[in-house]
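All of the numbers you see were taken from the coordinates with simple rules; none came from a lab. Predicted model, so just to flag it, every value in this text is computed and none were measured. Glycine also receives a Cβ, built like all others from the backbone with ideal geometry; neighbour counts cover every protein chain displayed.
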Amino acid sequence: MTFKEFEVPKREGEKSKKAWVETPLRESYALSQAAGCRVFLKLENLQPSGSFKSRGIGHYIQCRLQDLASSPSPSSEKPQPHIFSSSGGNAGLAAVHASRTFGLPCTVVVPLSTKPLMIAKLKAAGAHEVIQRGETWQDADAFLRNEVMKKAGPSAIYAPPFDHPDVWTGHSTLIPEILSQLPDDSPPDVIICSVGGGGLFNGIMQGLDTWLPVFYPDRYSRKNGNEANDTDMSTPSNGTTHGSPSPSPSPYPYPTVLAVETHGAHSLAASLSARTLISLPTITSAATSLGARRVTPQTLEYALRSHVKSVVLSDAEAARACWRLADDERLMVELACGVNVALCYDVGRLEGALGRKVRREDKVVVVLCGGSAVTVEMLEGWRREFGKEIVGVDGLVGDGVRNGEAVPSEVTMP
């Protein structure tokens, strides 16, 4: 099965340009042992910018360039576009990489809280200018729109970090890749992704609605896809998961989507608890890449579907998963990504989030969303800071294995 590629109009003889790549889907033997089921990692950390944001922001910029190319003004009268982005780091990095792909300048405004590491990476990637302003992303974004872009004139193109349908459509390209890469002719049972502002989550939900009926027409009709929008507004007693299973109109239910946040950046969970959009007063989580104080309205709407579960974990759990993933899979990711993996390292947590026992045949896809805010020194620092908060951090694989029995894997079994 193939899907449409998004490309910028090109001159005759010119190579196609695209700001993101198809990434591998790799089955993890270590995580499969720990979770008691088959766990697959969608390696978005291999995108040009180091994160999934290459998809959404790359697609958004492509759409704007296509709009310019189709405008009636003569090419000689069109000024060179200049891309502008506001971001705590990863979205800005994706905007810079996409802009360079198309030969355009990119200016990025980031909050004062952005780490020097990310500032250096933005500059090294080729940003035209990096400006620090404001305590939060909202402050940086307002300064970009109201001050910086006004001076740029008609050539300015604003690249939103997450809140635009074209961004979500770019992220939705994850789904046809996953469906075509899974080893069996069936969709995943579970998809795990982290939620900041909601762009990745929105893209995953959009992608499922679009591509499940295409890949599996006998299982998911358009009618059943729409009926998957059944909602449940209940709030559980522990306050960390939301939604409950409801009967599916099809004998083949939608994959369960676990939307994971960290304490202190849990704007989706807060909105679900309040049954309306909530803005957090401040971001206190160390996972700063999840630091959007408010999710998009579409994110809340999607999260109310009965096959979606909201899960909130601690920074300590995210940190533990980061260093264990580095040990087990030789992959370094930041806290905002490690929180996804954390559920698979704790089968009790995973079963609590799902509201059922994990089955050996379950296929769980973890979107390893990536992120550039990580170094060996940071991993060591997280181990020192959070290691004492969690029992058994010295164990590697196996604490989720039942009766010492490994889960078979066609891909990674020795």
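If r is the Cβ-Cβ distance from ALA124 to ASP184 and R0 is 25 Å, what FRET efficiency results, to the nearest 0.05?
The formula returns an efficiency of 0.05 here.
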Karplus couplings for segment 130-140 from phi (6.51 cos²θ - 1.76 cosθ + 1.60, θ = phi - 60°), rounded to Hz, Gly and Pro as x? 10, 10, 9, 7, x, 7, 10, 4, 4, 5, 5
Where in segment 145-175 does the amide nitrogen come within less than 20 Å of the point 7 Å from the Cα of LYS78, taken along Cα to Cβ? 152-160, 166-167
Residue by residue through segment 114-127, the couplings from Karplus 6.51 cos²θ - 1.76 cosθ + 1.60 with θ = phi - 60°, in Hz, x for Gly and Pro, are 5, 5, x, 4, 6, 4, 5, 5, 4, 5, 5, 6, x, 4
Packing rank of 152-163, 338-349, where each peptide gets the mean count of other beta carbons within 10 Å, highest leading: 338-349, 152-163
Whole-angstrom gap from segment 271-323 to segment 90-137, using each part's C-alpha centre: 24
Other-chain or far-sequence residues with amide H under 5 Å of SER314's (modelled H): HIS263
Output wanted: per-residue J couplings in Hz (rounded whole) for segment 259-268, from phi through Karplus 6.51 cos²θ - 1.76 cosθ + 1.60, θ = phi - 60°, x for Gly and Pro. 9, 10, 10, 9, 4, x, 9, 9, 5, 5
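Given the Cα-Cα distance of ALA69 and ARG360 and 0.36 nm per residue of separation, how much length would full extension add, in nm? Numbers along the way, then the final one.
Details: separation 291, 0.36 × 291 = 104.76 nm, distance 5.13 nm.
Between ALA69 and ARG360, full extension yields 99.6 nm more.
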From the cross-link list LYS53/LYS357; LYS42/LYS121; LYS42/LYS357; LYS42/LYS309; LYS53/LYS123, which pairs have alpha carbons spaced over 25 Å apart? LYS53/LYS357
For a protection proxy built on the mean count of beta-carbon atoms within 10 angstrom, sort 294-304, 44-54 highest first, please. 44-54, 294-304
Expressed in nanometres to one decimal, the distance between label points 7 Å along Cα→Cβ at LYS17 and ARG275 is 5.0
